[in-house]
Structures are given as structure tokens and as C-alpha cells.
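Participant: Handing you this structure, nothing more for now.
The values are calculated or read from the model by the stated rules, or taken from the named source; none is laboratory data. Here the structure is a predicted model, which is why all the values come from computation and not from measurement. Neighbour counts are summed over all protein chains in view; Cβ atoms, including those assigned to glycine, are modelled from backbone coordinates with ideal geometry. SASA here: full protein model, heavy atoms, side chains in, ligands and nucleic acids out. Shrake-Rupley method; radii C 1.70, N 1.55, O 1.52, S 1.80 Å.
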Amino acid sequence: MILNGGTHTDDSLAQPETLNGLVDRFRGNLEAAAIITVDQSGSIVTRTYPEIAEDISRLAVGLTRSGLGDGKMVMLWAENCAEWVITYLASAVAGSVVIPLDDQMSAAELSTVVRHCRPACVFTSVRHLPVLDACDAYTDHCFLLDGDQADAPSWRKLCADDLTDRIPDSGNERVASLLYTSGTTGPPKAVPLTHANLMSNVRDLIGANLISSEDRVLVPLPLHHAYPATVGMLTTLARGAALILPSGISGPELTTAANRARATVLLGVPRLYAEMVSSIEATVASSGYAVRALFPLLMGACIVLRRGLGIRAGRLLFRRIHRRVGTELRILASGGARLEPALARKLEAMGWEVFTGYGLTETSPVVTFNKPGRKRLGSQGVPLTGVELDFEKTGDEPYGEILVKGPNVFSGYRDNDAATRSAFTPTGWFRTGDLGYLDRDGYLHVVGRKKELIVLADGKNVSPEEVEQVYEASPFIHEAAVLERNGKLVALIVPEDEAVRQRGAMREEALLRDQVQKAMQTLPSHQRIAEYRLTRRSLPRTRLGKLRRHLLPDIFETEAQAVPTPPPAELNAEDKRLLQSPTVNAAWLWLQRRFPGITINSSPQLDLGIDSLKWVAISSELEEELGVVLSAEALSRVLTIRDLLCAIGAAPRESHITGEPGAGRTDRYLLTPGPPLRVFRWLLLTLNRLVMHGCFRLRVRGSDRLPSEGPFVITPNHASYLDPLAVAAALPHRLLAGTCWAGWARTMHKGPVFRAVSRATRVFPVDPDQDLGGGVRLGALALRDGRILVWFPEGRRSPDGNVQQFQRGIGVLLQENPVRAVPVRVHGSFEAWPANRLLPRLLRPITVVFGRPQTVDRLLERGEGDGEPAKISNALERCVKRLTL
């Protein structure tokens, strides 16, 4: 199928054919602002169109007189600044081939590029001079954009004093720029783009009237990429609008620039917008109950009004957010990767207008985009003027590889004939390497990258980006990368540290496992990962946020070795100040003896395997050795050894803590409630029995096996929220009166209603993420008081209904308090109310089966594992699994 983008508009025909013609227009733009730079303090420097036209012309003449025009390679390696823009345009006007490079390029990458293009001239910044020298890229013509040094003069030294020379415009087919691809799947390739390639994009973007000459376009992205260079820099200047360059890409730097320079348009990438929405939602989550409840309602109303009536109510309803992000900001343009429709809808609901498109470096870069008045979120828009699309399909798939023809398409890679041949079909279509299709209205939909598509052993195709987005939807997962290993899907997971700290870091690995399993439930079987590995390293990405997938297999294998990172040659200044404290230094030395090979950046959870119960032992040892008392709250925020040392430095000190765990503590959840709560309790338990028998046809087996009195522990499986209700309804009245329950603090003790219910029914709080040791101590107090304790050893609901591994907490509790344990199996609760369902299914039968009481000695004989707590837990798990219907 072939689709042609149509014909030029009158406005686009008026645009120049070369960058020389574009610059010629600058002088006639009176005193309008061309480039606005905003530094970190918010100070603004504005360059007008006549000013930059003068600088561009003088530098272009200087390049020509120095023999650096007429096809010579000019390398541009510096951060975004007004001088960068001037140098780029002057080089193109002089007939040079400008080579913009990533400001953060490594020395090895730079050496590869320099050997390939051999630049005759280099424009750079002071901080890059040592690297250039080491890479033999320091030519006789090296100029600084940010100052003067003895060995490299300012770029102004190259500018001509007069403009008597006229530089001829040698046509639009000459190469204007040589761009190196980002190398997401392999080594970068050199892409030459002509004046005609670039200006074809500029003409059509202007012809669509996306922006006007009154707009101010904020471009935080590095200009060495084709997307910000063409769409952000060239199109903005060709339209006569103002280009805003912020001091950086952090949230404060962007909002400062947007507000100080009164930005109306922001040019970004999906990850930037995802972070922006995440920050807004985090602020809402930390606000009061009214704000948290009202926000999703307003968002839903704005989406309905926008999609149904075209009313953009978000600017009014979310005006505080607009004041924070940018008072005059109205358009968010996204490129570089696919913007998820759900994210686009959120941005639109908040009052911004979102525009997306699709393209590659080789297509200058835009192929399609969503034009004003023809926008369809979820698609990549319609082709540009003169651009044709076709699709090369294989098999019965509804999509195929996207093929492109048009004035924006390059002619071939420089000095790489093999890559050029494979990039084009015999009939001259450029193979994008992306998979997509056209809908019935001619809108392009991109479904994945052909080279990145994973083909599993059973022949199933998997788009890794599609799967990664499901995992990254979790607030506890910062990044996810899916790859293939031995015919199976595997993944690298990077935790969201601050969210984990807020939740409680003691069970970080278990928490993330839960999140991964929850995500997998929403995916078809062939898209579920067979294995994943956690890492604290940021995944390798390009400056526009694309994963460099060819580097992922090595990272996955490195993480598998579980070898601690080698100790740094020396600690940084902050670490040294921290270790000046005698207590902290003593703790650091003790930790090095206790865990050989650790570094100050090691993760106790991920690198050392310290779970919540081991934290109890570690904190006790630190107390014994150093007299340092660490609170559960402090330990719950520890993600690295550095965090632990900071907590030790801030902790109170005592010589020794005497008495048994929990001694002297009276917890109101273990006391007999007063008369009002006893009546409330009776009503709750009676209602529960009626509901469980009437709505779920509860059946009970083996209740005659229960001991006649406490203390003993009941250990049910946990597949549903209905499990504790079923066990309570199954227990005889004579035992129920003296029963205490271990309940998750974040549900059973959240809010006044749940706290009242917990107080009445003796449900005490257990927080496995922040203070599991405290829950174990409360359980021990209940048993020592002769009570019956219900403890769910899995620690969480089963994601699939099967009995999960029992955690060591029950083993520690029974080891220290050797009472009898009664295994219990609840059947049917998962089918009645699984974890992924909002409401239960009524009339699904539930059966509670009580097993024979087990002594601790017998459990130790039958269990397996490392240490007595593990053996006790393992034996109980086996007992529960054997309790069939």
C-alpha cells in the first residue's frame, strides 16, 4: 500500500530551498527575539534576528576565507547555546558539512567519529579540550564557543571584519550536515543530509501552522539530534519565532526557563512528559484527602469534555499546575519515541495540546505528524507533503516494515556501501526498520522496531517496548528492559528508589517481585517474562531516551554473577565527611568485616540478601557492638550502605537494651476491648458468619482437630481478601473469643474505620516492609498471654491461587515461642475474589480445612532449609499444601 502526503500549501512554497535562503530572511525580521538563553539563576540573554544574522554572516565569510568552506568537515561538539546555533548555520551557509556531536559523547566514541570524518575544523567548549587532545581531534583550526584559551581562540577570532565577500548559494543538493545515528542496536552510522532534505521538513511543518511568529519554543533537547535540530531549531527560526534554550533538562531548570521566557511551546520526548506527569501525580498523592479524591474526577471530566465537545477545561481547572510548569505554555510536541496514548490523554486533560509524529535521522527526521485540525492521539499522524509510505509484510501479520520515499530521505550512509544497500529496496524505498500500518483514514501506527522484535522459540513475536510499558506502570519500577535469552523473555528491572523508601525498603526484593507478578497477570502468556534481574544501574539510553538494546545482554549477564562492585579507589568528599564520625567509622569497619567486599554503594537487599528478619539481627548486632539504636522507620529507608551509615550517624546511642523483646510494651490491640467495642465485635463476627455462609456457602472440615485452648498458632494460606473472613467464620465460638490476628498495617490500620475494626477484633499491625520484627514481637506477646494467633505465613496474597513460599517470620516466631501450629488451607477463595478483581464473585463456594496440630520439634524434623526458622517455615508450607478437599 502506498500513501502520498499530498501537495504543498501556498505558505510552504514561499519558504527558501536552502539554509542560505533561510538566513537571508533573518535581517528583515526587525528586532524580534531569535534566541533566548536562560541560565540556572533565571537570568535571560536575548539575541535578535538581525544580531544573529550578522554573526552568522561574519563567521561564514571567515570560514570561507580560511579554506574551511566548500565541503570541508566542521565538527561541532558543545552543549546547547546561542553560539552553537550560530556556528551550525554559518557552517551550512559557507558550504561546509557541519557534524554536530553528542555533548556527552565518551572519548572512545569521539575517537571513532574523528577517525571516520577527519574534521578540518572543530568548534567546542573549554571542558572538552583535554578529551579532544587525547583523541587526536585537536586540529590547527579549533575554536571555543565559550571563551578564549592560549591553545584555542574564541570562535569570534574566525569571524570576518567585513562582509565584502559574497558566498554563493551552490544549491539545495549539497550536504549540509553529517549526523551520526544514536546506535541503539549497534555502532553508529554517518547520515548525510542535504539542504533539500532539511528544508523539505521545515517547509511542511511551517505550512501546517503548528506555530506562529509570536510563539516562543522551549527546546531542552540536545541539538545534535535531528529531531530538535530540524523541528526545534530550524523550523522555529524559519517561522520567525523565538528559540528558548534552558540551562538544563531538570524539572526546576525547565520550569524556570518556561516561566521566565514565557514559553508557549515545549519540544520534548516521551520520557520527559512521563516524568512531568509523574511529578504532578506525586504532588497530588502527598496532598490532602480532598485533593486526592477530586483529582481523578477532574481528570476524567476534562477527558470527556476534550474528546466529546472539544472544550479544553484543563487550563482552568488545573491552573495551579500551569502556573508551576509554565503560565503561557499551551503546546507540547513529542518525538524521538512513541508517546503512549494514555500519557497523551493525561496531558491533554490537564489543558495542553499534544502533537506527536514519527521519523528517523535518515528522514531529516519527520515522516508523519499529527497536524492541527487533523490530530489523532495514539497514531503518529499523516505523511508530510511529498512523502510516500509503503509496507513490506511477511506472513499474516496486519503490519509490516515501514518503507519511505520523499524529498526528506537521505541518499545513503557515508563510506558504508553495505549498510546503504541493506537500507534501501531495489526500487529505492528506504527501509525504516520499524513495523507499522495505516488505519482506514491514512494515519500511521507504529507497533515496534523490526530489529528489536523478539522471536521466541515457539515463533511468537514480542515487541519489547510494549511489554516494558506494562512493568514501568508500577510506581516502584523506574525502568524495565525486556530482552531474549535462550529463547525466553527476560528483563532487567531498575527500582524507583524513593517510592521504595516511602513504602519501606526492608522487603525491597519481595515488593518488586509482587509488582512484576501483578504486571504479568495483565499480559498474554507469550509476553510474560521467565526471569528478571534487579539492578541499581541506570539502563543505557541515548540522549533522547531510547534504550541501547545491544548493550543489554552484557548487563544482564553481569547482574547474574552477583559480584559486588569493586571498591572505589577513594571515597568522595561527602563520604569522607560522613566517616569522620567515630561511631559511623566504627560501623563502616564492622560492616566490612561482616560483609567482605561491600562498597558504600552496595544494596543490603539486592547485593547482600538482607531481608526484613535479617535486619532485626543486624540492628541487634550493631546495638551490641556500638550501642547504636536504629528505629524501624530509619531501617525502612535504607537502600544502600551509605543510607545505613547516615542512619547510624543520626541514631541515639545506649549502652545496652535489657529485657525481652517487647518487654514493658502494652499494645492496645492485644488488650480485651471495652464494652462498646465488644458489642461492635459481636456484631462484626455475626455478620461475617452470615455473609460467608450465605454468600459463599462456607464449608468447614477438620475443626475437631483444633486444640481446646491456646496458646497455638493458626497458619492459613493467603489467596484472597476473603481468607481471614473465612477462617474467622470457620473457628468455633469457644476459640474465637481469645484469638488475635496479624494484619497488614497498610490495610487493616489505615483510617479510623479500619482501626476501629482492628481494635475490636484484636488485629494487630504487621508491616513487613518497614518493621516485620515489631510484628513478630507482638505475636510473641499474644502467645505468651495464652492466646490463639492467626498468622498468614506467605506474607502476601497469592497472584495465581497456589500456595506461595512461606516466609521465615513464622519460623522465627515458633522457634522463639515453641507452641503448636495448626496448618489451614482455604479452598475457593481465589476463585471467589482473585487479586486482580475489584469486587468478589458471589455464590462461589469456599472451604476451610484445618490440619493436625504440629509441634516445633516435628516441624524441625520434616523441614528443609538453612537454619531452624527456614526448616519450620518449609515444613508448615508442606503441611498446608497437603490439605486437599
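Participant: Straight-line reach from LYS871: which lysines have Cα under 24 Å away, leaving out those fewer than 8 places along the same chain?
Facilitator: Candidates past the 8-residue exclusion: LYS614, LYS881.
Participant: From the square roots a ≥ b ≥ c of the eigenvalues of the alpha-carbon gyration tensor of the stretch 106-180, which class results: rounded (a/c under 1.5), prolate (a/b over b/c), or oblate? Please list the in-between numbers first.
Facilitator: Working: a/c = 2.85, a/b = 1.25, b/c = 2.28.
Verdict is oblate for the stretch 106-180.
Participant: Order THR847, THR164 by their accessible area, 1.4 angstrom probe, all chains in place, largest first. Could the numbers behind the result be given before it?
Facilitator: Working: THR847 5, THR164 110 Å².
Ranking THR847, THR164 by accessible area, largest first, yields THR164, THR847.
Participant: Please name whichever of THR230, THR558, LEU317 sits farthest to the positive end of the charge dipole of the chain, dipole taken about the Cα centre and charges placed at Cβ: Lys and Arg +1, Asp and Glu -1.
Facilitator: LEU317
Participant: Order LYS189, LYS881 by their accessible area, 1.4 angstrom probe, all chains in place, largest first.
Facilitator: On the way: LYS189 55, LYS881 95 Å².
Output order, biggest surface exposure first: LYS881, LYS189.
Participant: Taking a cut-off of 14 Å, what percent of all Cα-Cα pairs in the stretch 295-335 are separated by more than that? Provide the component values of the computation, followed by the final result.
Facilitator: Details: 435 of 820 pairs.
Across the stretch 295-335, Cα pairs with separations above 14 Å total 53 percent.
Participant: LYS405: which lysines have alpha carbons under 19 Å from its alpha carbon, excluding same-chain residues fewer than 8 sequence positions away?
Facilitator: LYS405 reaches LYS393, LYS450.
Participant: For the chain, give the magnitude of the charge dipole about the Cα centre (Cβ charges: +1 Lys/Arg, -1 Asp/Glu; no others), in debye to the nearest 20.
Facilitator: Values: 104 positive and 97 negative charges, 912 e Å.
I would put it at about 4380 debye.
Participant: A further question on this structure: Can you work out ³J(HN,Hα) from phi for every residue in the stretch 720-726, in order, using Karplus 6.51 cos²θ - 1.76 cosθ + 1.60 and θ = phi - 60°, giving whole Hz and x for Gly and Pro?
Facilitator: For the stretch 720-726, the Karplus-derived couplings read 7, 4, 7, 4, x, 5, 5 Hz, x marking Gly and Pro.
Participant: Summarise the accessible area of the chain (1.4 Å probe, protein heavy atoms) by the percent that is carbon and sulfur.
Facilitator: On the chain, the fraction of accessible area on carbon and sulfur atoms equals 52 percent.
Participant: Please give the helix 49-65 orientation as an angle from the longest Cα principal axis of the chain, in degrees from 0 to 90, rounded to the nearest 10.
Facilitator: 70
Participant: Kindly provide log₁₀ I(q)/I(0) values, in the same order as q = 0.24, 0.32, 0.35 Å⁻¹, from the Debye equation applied to equal alpha-carbon scatterers of the stretch 47-87.
Facilitator: -0.89, -1.09, -1.13
Participant: Which value results for Rg/Rh of the stretch 401-525 when Rg is the Cα radius of gyration and Rh the Kirkwood radius based on the inverse mean 1/r?
Facilitator: Working: Rg = 19.6 Å, Rh = 17.6 Å.
That ratio is 1.12, to two decimals.
Participant: Let me ask something else. Give the shape of the stretch 57-113 as rounded, prolate or oblate, defined through the alpha-carbon gyration tensor: a ≥ b ≥ c are the square roots of its eigenvalues, a/c under 1.5 means rounded, and otherwise the shape is prolate if a/b is larger than b/c and oblate if not. Intermediate values should be presented prior to the final figure.
Facilitator: Working: a/c = 3.14, a/b = 1.61, b/c = 1.95.
Here the stretch 57-113 falls in the oblate category.
Participant: Turning to a different aspect of this structure: Cut-off under 22 Å on the C-alpha distance; same-chain residues fewer than 8 positions from LYS157 excluded. Which lysines are left, in chain and number order?
Facilitator: Candidates past the 8-residue exclusion: LYS72.
Participant: Would you rank ILE600, ILE249 by solvent-accessible area, highest first, keeping every protein chain in place and using a 1.4 Å probe? Kindly include the intermediate steps, with their values, before the conclusion.
Facilitator: Working: ILE600 5, ILE249 115 Å².
I get ILE249, ILE600, largest accessible area first.
Participant: Further, regarding this structure: Would you give the gap between the C-alpha center of the stretch 237-252 and the C-alpha center of the stretch 111-161, rounded to a whole Å?
Facilitator: Taking the Cα centre of the stretch 111-161 as reference, the centre of the stretch 237-252 is 25 Å away.
Participant: Also, quick follow-up: Using Stokes-Einstein with the Kirkwood hydrodynamic radius over Cα pairs, what translational diffusion coefficient do you get for the stretch 235-350 at 25 °C and a viscosity of 0.890 mPa s, in µm²/s rounded to a whole number? If you can, show how the numbers build up before the last one.
Facilitator: Details: Rh = 15.2 Å.
Estimated via Stokes-Einstein, D reaches 162 µm²/s.
Participant: Run through every distinct alpha carbon pair of the stretch 140-217 and return the Kirkwood hydrodynamic radius in angstroms, one decimal place. All intermediate terms of the calculation are to be shown ahead of the outcome.
Facilitator: Values: mean 1/r = 0.0590 Å⁻¹.
Evaluated over the stretch 140-217, this radius sits at 16.9 Å.
Participant: For the stretch 736-885, what are Rg and Dmax over the alpha carbons, in angstrom?
Facilitator: That works out to 15.7, 45 Å for Rg and Dmax.
Participant: If you stretched the chain out fully between VAL691 and GLU275, how much longer would it get, using 0.36 nm times the residue separation minus the C-alpha to C-alpha distance? Mind showing how you got there, number by number?
Facilitator: On the way: separation 416, 0.36 × 416 = 149.76 nm, distance 4.49 nm.
Contour length minus Cα-Cα distance gives 145.3 nm.
Participant: Let me understand the chain better: what is its radius of gyration from the alpha carbons, and its Dmax, in angstrom?
Facilitator: 32.8, 108
Participant: Next question. Which value at 222 nm does the chain reach when only helices count, each DSSP H run of 4 or more adding -39,500 (n - 2.57), with the total divided by all residues and rounded to the nearest 500 deg cm²/dmol?
Facilitator: Result for the chain, helices only: -11000 deg cm²/dmol.
Participant: Using modelled backbone amide H atoms (1.01 Å from N, in-plane), which distant-in-sequence or interchain residues come within less than 5 Å of ILE244's amide H?
Facilitator: For ILE244, the qualifying residues are ILE36, VAL217, LEU218, VAL219.
Participant: P(r) for the stretch 241-309, please, calculated from all Cα pair distances in 5 Å bins and given in %.
Facilitator: 3, 13, 17, 18, 18, 17, 11, 3, 0
Participant: Just going by the charge dipole of the chain, with Lys and Arg at +1 and Asp and Glu at -1 on Cβ, which of GLY627, VAL265, THR368 is farthest out on the positive end?
Facilitator: So the residue furthest toward the plus end is GLY627.
Participant: Let me ask something additional. Using modelled amide H (1.01 Å from N, peptide plane; none on Pro or chain starts), what sits under 5 Å from the amide H of TYR180, excluding residues fewer than 5 places away?
Facilitator: Those lying under 5 Å, H to H, from TYR180 are VAL191.
Participant: Which distance in Å, rounded to a whole number, links the C-alpha centroids of the stretch 301-363 and the stretch 469-504?
Facilitator: Cα centroid to Cα centroid, the span is 26 Å.
Participant: For the stretch 336-343, take each phi angle, set θ = phi - 60°, evaluate the Karplus expression 6.51 cos²θ - 1.76 cosθ + 1.60, and give the result in whole Hz per residue in order, putting x for glycine and proline.
Facilitator: Ordered by residue, 3J(HN,Hα) equals x, 6, 6, 8, 4, x, 4, 5 Hz.
Participant: Can you give the angle from 0 to 90° between the axis of helix 107-117 and the longest principal axis of the chain, with both taken from C-alpha atoms, to the nearest 10?
Facilitator: 30
Participant: For the stretch 121-280, take every pair of Cα atoms, bin their distances at 10 Å starting from 0, and report each bin as a whole percent.
Facilitator: Once binned at 10 Å, the Cα pair distances of the stretch 121-280 give 9, 24, 36, 26, 5, 0.
Participant: Follow-up. Rounded to the nearest Å, what's the spacing between the alpha carbon centres of the stretch 572-594 and the stretch 800-838? Just the number, please.
Facilitator: With the stretch 572-594 and the stretch 800-838 each reduced to a Cα centre, they are spaced 41 Å.
Participant: In addition: Could you report the chain's accessible area per residue, 1.4 Å probe, as an integer in Å²? Spell out each step's value before the answer.
Facilitator: Values: 38990 Å² over 885 residues.
Ligands and nucleic acids excluded, the result is 44 Å² per residue.
Participant: Assuming a ≥ b ≥ c are the square roots of the Cα gyration tensor eigenvalues, decide whether the stretch 346-461 counts as rounded (a/c under 1.5), prolate (otherwise, with a/b larger than b/c) or oblate. Write down the numbers at each step before the final one.
Facilitator: Details: a/c = 1.97, a/b = 1.29, b/c = 1.53.
Since a/c reaches 1.5 but b/c is at least a/b, the shape of the stretch 346-461 is classed as oblate.
Participant: Let me ask something else. Towards the positive end of the charge dipole of the chain, with charges on Cβ (+1 Lys, Arg; -1 Asp, Glu), say which of ILE44, LEU245, GLY811 has the farthest Cα.
Facilitator: GLY811
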